[in-house]
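Provided herewith is a single structure, encoded as structure tokens, for subsequent inquiry.
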Amino acid sequence: MKRRFAGCSMTIERIAGAIFCFLLAAAGMPAFAAEAGATNGFVARVSDHGRIVQFTDADFVLSAQSDIPARGWHRRTMPQIWLSDEARRLRPGRLGAWARMRFDRSDVDGDHLAILTENNREKLTVYFNGVDVYRNYRSEAAPAIGWNRPYLITVPDALVKPGVNEIILHTASRREFNLGVGSVWVGPRESLAALHADRYFWRISGARGANYALIFLSAIIFVMWLWRRKEMELFWLAMTGFAWFVRDYHFFAEEAPFDPWLFQQITYYSLYPAIITSLCFCVEFMKPRRRRRIIGALLLLGLSLCLFRLFLVRSTATDVLSNLMTLGIVVAMLVVLFAAWLRQRTIEHLVLIGALGVSTAFALHDLGRVPNILWWDGLGFHAQPYTGLALFTAFLFSIGRRILRALDVVEQTNVELERRVEHATQALARSESARRRMEVERAIDSERERLMREMHDGIGSNLVTALAVARRREQDPDTIATLERAISDLKLTVDSLAPVDGDVVTLLANLRHRMEPDLRRAGIALDWHVEPCPPLEWLDAANALHMLRIIQEALSNVLTHAGATRIVIRLSPSAREHVAGISIEIADDGKGFASEESGTGKGIANMRARARALGGECRFAAPAAGGTRVSLWLPEHRDREMPSVR
Amino acid sequence: MIRIAIIEDDPLIQAELGAAIGASGDCAVVATAATHADGARLVEGGGFDVLVCDLGLPDGDGADLIRRAASRDPDADILVLTMFADHAKVIEAIKAGARGYLLKDQRLDDCVEAIREIRRGGSPISPIIARILLKRLQPAISVAEEEERLSERETETLRLLSRGFTYSECAGIMDISPHTVGTHVKHIYRKLEVRSRSEAVYEATLRGMLDDN
């Protein structure tokens with residue numbers, strides 16, 4: 001880790017150095033240009049362990065010969081990272097280049113020297129003062145890949161002379177590959193080792209780590225896709241990872257894993273599948289309209305890019321045209337995805353767009369520092385080996401977020417389902433109890449019907465016949481009155497069974513209706529004052545009969561004993577001791593309480609007892625104005641514990 | 001002269017009622033029957049203005065005779081003869097086509113007066129029956145025909161009657177004549193009959209549809 005941080009800071013230093021160097025080169029005047037012929041030009045930089053020298057020119061011979069050339073050296077600026085075209089023109093066969101750099105020992109600090117070199121294509125041999133000190137290949141036949149790898153070469157102290165020393169680089173490659181001589185530094189071992197470590201991390205070990213992580217994750221994702229084939233995002237994600245791994249392998253490989261030429265071709269062409277699969281993933285993930293068509297079009301484009309390169313470019317190098325076309329596709333896709341994001345603004349989509357944007361920037365950066373293009377040196381290493389992992393990570397993040405969100409939805413759905421089940425269970429319980437209540441009510445109704453039939457066909461019928469007989473035979477009025485009372489008592493019972501839902505007003509009204517002919521015959525006027533009253537839910541048939549009997553008793557007393565001419569009946573809501581209830585008042589203008597016969601005493605006691613049984617109260621008063629006032633108070637609600645009176 | 005037919009199985013009641021009507025001067029009994037079979041013939045024969053009919057006949061249901069009489073001659077008034085004027089029996093009779101009721105223990109002069117009243121176009125009603133009709137007819141089904149729906153005046157009449165006001169008290173409150181109150185009640189009875197008939201048709205249709213399946 002520590003080394004990596006050091007590497008970072010050194011990278012920044014390097015960028016600054018590179019820019020500086022670029023400016024100097026543009027100005028065309030090397031800072032410490034040594035005298036021509038004796039030593040070569042260089043720029044020096046002071047590190048922690050002393051001065052480091054980087055050569056700005058060298059003497060070249062373009063030849064594939066295996067020994068150090070004796071003559072033909074000509075000076076060129078350094079580095080010369082793209083000599084392929086020139087070398088091929090010069091002569092047939094293998095490509096080769098020799099570069100010679102001389103420096104004065106006094107220009108370089110450090111007790112022990114080292115050489116750092118990078119961007120050499122492809123096989124590299126380094127000589128110090130004529131002695132072969134380094135080779136990056138195992139044998140002449142071994143296919144080394146040297147272009148991206150920085151090499152740190154320790155110079156044996158015995159070889160170092162005071163005064164002028166000489167470094168010679170020899171690069172060689174097969175004709176179908178490329179030739180170049182890269183940058184060369186010489187300086188204290190410690191400083192160059194640190195510089196090398198930094199370069200090596202960003203170019204090789206970082207890239208390797210990133211890509212092995214990528215292929216590992218892709219394999220996992222691919223297995224996940226095998227489990228759930230309809231998740232095409234997973235498929236495209238795995239494909240993205242695989243394709244980028246293939247594309248990036250050459251960045252950190254030391255040797256071609258199989259035939260070098262085939263490996264090179266695969267490396268070039270794999271860029272298109274990598275980009276196309278990445279875009280396919282984005283389309284699959286963001287699901288814009290007509291995404292199948294877009295994916296089809298992308299695959300077709302990828303294929304045509306490959307064909308374009310195969311037939312039109314025919315190059316072993318990176319060409320600007322097909323790369324810019326590829327970039328154009330990516331930018332077009334960015335527009336499509338941005339439009340999709342406008343419709344569905346989620347972080348996942350934004351992350352995807354961001355990842356694609358960064359990848360585009362990476363691609364531009366890398367394109368600019370390709371040897372045969374060389375617009376800039378940039379970061380000093382290619383960013384592309386990190387593009388695959390960057391895209392993959394962003395994609396994985398997006399998928400993960402979507403999955404987590406889906407889990408949330410599932411959780412909420414479960415909660416909602418449980419709530420609904422709870423709801424339905426309660427509703428079922430309610431309807432069940434309602435059904436039971438209805439059954440009970442139906443049973444009560446049928447029992448009522450039976451009672452009524454009994455009264456009609458049995459007692460009622462006989463009583464009516466008996467009354468008719470008594471009237472016809474002009475029997476004793478007492479007999480007739482007794483029969484009439486019996487019948488009216490039956491009527492009271494019938495009324496108490498009526499389904500009036502505890503409506504006291506209607507029950508009382510019906511009693512009035514029944515007694516109206518008697519009152520009329522007795523010449524008693526009736527004042528009827530009823531206010532709307534709340535229903536008494538406890539007033540079932542038995543309780544209703546009690547209430548009706550109390551009122552009937554009161555009215556009968558007036559009819560038979562009071563000698564009254566007027567009765568006032570009032571019915572109104574009335575609270576008693578803060579208990580809501582209703583009050584029924586029957587007042588007459590008759591003889592009054594005091595003169596009542598003893599027979600009514602028992603009647604009054606009965607009325608009081610009935611009222612108490614109902615949870616109410618019956619009062620009797622003799623107003624100063626005369627007559628009697630009976631008032632019955634009944635509560636609106638009654639404790640459930642209180643049994644219904646039978 | 002009001003022509004009256006009586007269907008009642010109790011000979012004593014029939015005789016009493018007949019005698020009272022005969023003595024009234026403006027009414028006459030034109031036919032009597034004591035069984036469902038005789039009653040059916042009586043209804044077929046027609047020739048009466050008012051039919052007084054008992055529900056519980058020994059060989060059949062009086063409501064059936066009421067239904068026949070009502071469909072045969074819509075101008076005839078039908079009174080059901082009942083022991084207690086309990087809501088179940090009265091409403092059943094009204095659904096069949098009756099327009100009023102007589103109590104078997106009613107004083108005979110009251111009976112004759114009730115017959116005269118119904119001929120004048122008015123029907124009696126008890127508060128309990130008024131309340132039940134209010135509940136049953138008031139929830140105006142939107143699809144209900146005009147002739148099945150209570151008018152505002154009729155609703156008001158039923159509300160007052162269910163709260164115990166007499167016809168003349170209702171008339172005073174609503175500022176109409178007591179006779180109009182009776183007419184309202186008669187119309188209400190007719191609506192109950194129409195609705196119960198359409199409900200029966202509806203139910204029969206439903207049952208038919210279910211049977212078809």
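Please compute the modelled spin-label separation between A:Val223 and A:Lys161, points set 7 Å along Cα→Cβ, answer in nm with one decimal.
About 6.3 nm separates the two model spin labels.
Still on this structure: When you count, for each residue, the other Cβ atoms within 10 Å and take the mean per peptide, how do A:617-629, A:111-123 rank with the highest first?
A:111-123, A:617-629
Ranked by accessible surface with a 1.4 Å probe, highest first, in what order do A:Phe55, A:Phe222 come?
The ranking, largest first, comes out as A:Phe222, A:Phe55.
A further question follows. Take the residue pairs A:Lys123/A:Lys161; B:Lys104/B:Lys191; A:Lys230/A:Lys287; B:Lys95/B:Lys186 and return only those whose Cα atoms are more than 22 Å apart.
With Cα atoms farther than 22 Å apart: A:Lys123/A:Lys161; B:Lys104/B:Lys191.
Right, here's the next one. Just to check, using Stokes-Einstein with a Kirkwood Rh over alpha carbon pairs, what's the diffusion coefficient of segment A:443-589 at 20 °C and 1.002 mPa s in µm²/s?
So the translational diffusion coefficient is about 127 µm²/s.
Taking 7 Å along the Cα-to-C-beta vector as the label spot, tell me the A:Ile444-B:Asp61 distance in nanometres, rounded to one decimal.
Taking the two extended label points, one gets 2.6 nm.
What is the diffusion coefficient of chain B in µm²/s, taking the Kirkwood radius over Cα pairs and the Stokes-Einstein relation at 20 °C with a viscosity of 1.002 mPa s?
The diffusion coefficient I find is 120 µm²/s.
Run lengths n ≥ 4 of DSSP H only: what is the helix-derived mean residue ellipticity at 222 nm for chain A, with -39500 (n - 2.57) per run over all residues, to the nearest 500?
-18000 deg cm²/dmol
Would you mind listing how long segment A:518-567 runs along its three principal axes, going by Cα atoms, in whole Å with the largest first?
Each principal axis gives a Cα extent; for segment A:518-567 these are 36, 23, 15 Å.
Determine the shielding of peptide A:518-530 by partner chains: average, over its residues, the number of Cβ atoms on other chains within 10 angstrom of each Cβ.
Mean partner-chain Cβ count within 10 Å for A:518-530: 1.
Given R₀ = 45 Å, FRET efficiency for A:Ala339-A:Glu86 by Cβ-Cβ distance, to 0.05?
0.40
Using DSSP to call loops (not H, G, I, E or B), can you name the chymotrypsin sites (Phe, Trp or Tyr not before Pro) in segment A:364-442 whose Cβ has at most 10 other Cβ atoms within 10 angstrom?
Sites meeting the loop and neighbour criteria: none at all.
With viscosity set to 0.890 mPa s and temperature to 25 °C, compute the Stokes-Einstein D of segment A:473-515, Rh being the Kirkwood radius across alpha carbon pairs; µm²/s, no decimals.
My calculation gives 210 µm²/s for D.
Additional query: Show which lysines lie in cross-link reach of A:Lys602 when reach means a straight Cα distance below 21 angstrom and same-chain residues fewer than eight apart are skipped.
Partners found: A:Lys591.
Give, as a single signed number, the net charge of other residues whose beta carbon lies under 14 Å from the beta carbon of A:Asn414, with Lys and Arg counted +1 and Asp and Glu -1.
Result for the local shell: -3.
If you keep only loop residues by DSSP, which GluC sites (Glu not before Pro) in segment A:162-265 have at most 16 other Cβ atoms within 10 Å of their Cβ?
Of the GluC sites (Glu not before Pro), the ones in loops of segment A:162-265 whose Cβ has at most 16 other Cβ atoms within 10 Å are A:Glu176, A:Glu231, A:Glu254.
Here's something else I'd like to know. In whole Å and largest first, what semi-axes does the C-alpha gyration tensor of segment A:205-413 yield when each eigenvalue is scaled by 5 and square-rooted?
30, 19, 16
Moving on. May I ask you to list the residues of segment A:410-454 whose amide nitrogen lies under 19 Å from a point 7 Å from Cα along the Cα→beta-carbon direction of A:Thr346?
Answer for segment A:410-454: A:410-414.
Taking only the alpha carbons of segment B:2-119, what extent do you get along each of the three principal axes, in Å, biggest first?
On the principal axes, segment B:2-119 reaches 30, 30, 25 Å in Cα extent.
Another question, if that's okay. I want to check the label-to-label distance for A:Asp518 and B:Glu44. Put each point 7 Å from Cα in the C-beta direction and report it in nm to one decimal.
In this crude label model, A:Asp518 to B:Glu44 measures out at 4.6 nm.
Rounded to the nearest 0.05, what FRET efficiency do B:Val201 and A:Ala424 have when you use their Cβ-Cβ distance and R0 = 30 Å?
0.25
In whole Å, largest first, what are the principal axis extents of the Cα atoms in the protein assembly as shown?
169, 64, 43
Going highest first, how would you order B:160-166, A:285-291, A:419-425 by mean Cβ packing within 10 Å?
B:160-166, A:285-291, A:419-425
Continuing with this model, one more query. Can you give the mean number of other chain Cβ atoms that lie within 10 Å of the Cβ atoms in peptide B:151-162?
Across B:151-162, the average partner-chain Cβ count within 10 Å equals 1.
Run through the DSSP bridge list for segment B:2-119 and note the antiparallel percent, rounded to the nearest 5.
Working: 2 of 21 bridges.
Around 10 percent antiparallel, to the nearest 5.
The values are calculated or read from the model by the stated rules, or taken from the named source; none is laboratory data. Remember, it's a predicted structure, so these values are computed and weren't measured experimentally. Cβ coordinates were reconstructed from backbone atoms using ideal geometry, including for glycine residues, and neighbour counts include every protein chain displayed. Ligands, DNA and RNA are excluded from the accessible area calculation, which covers all protein heavy atoms including side chains. Shrake-Rupley method; radii C 1.70, N 1.55, O 1.52, S 1.80 Å.
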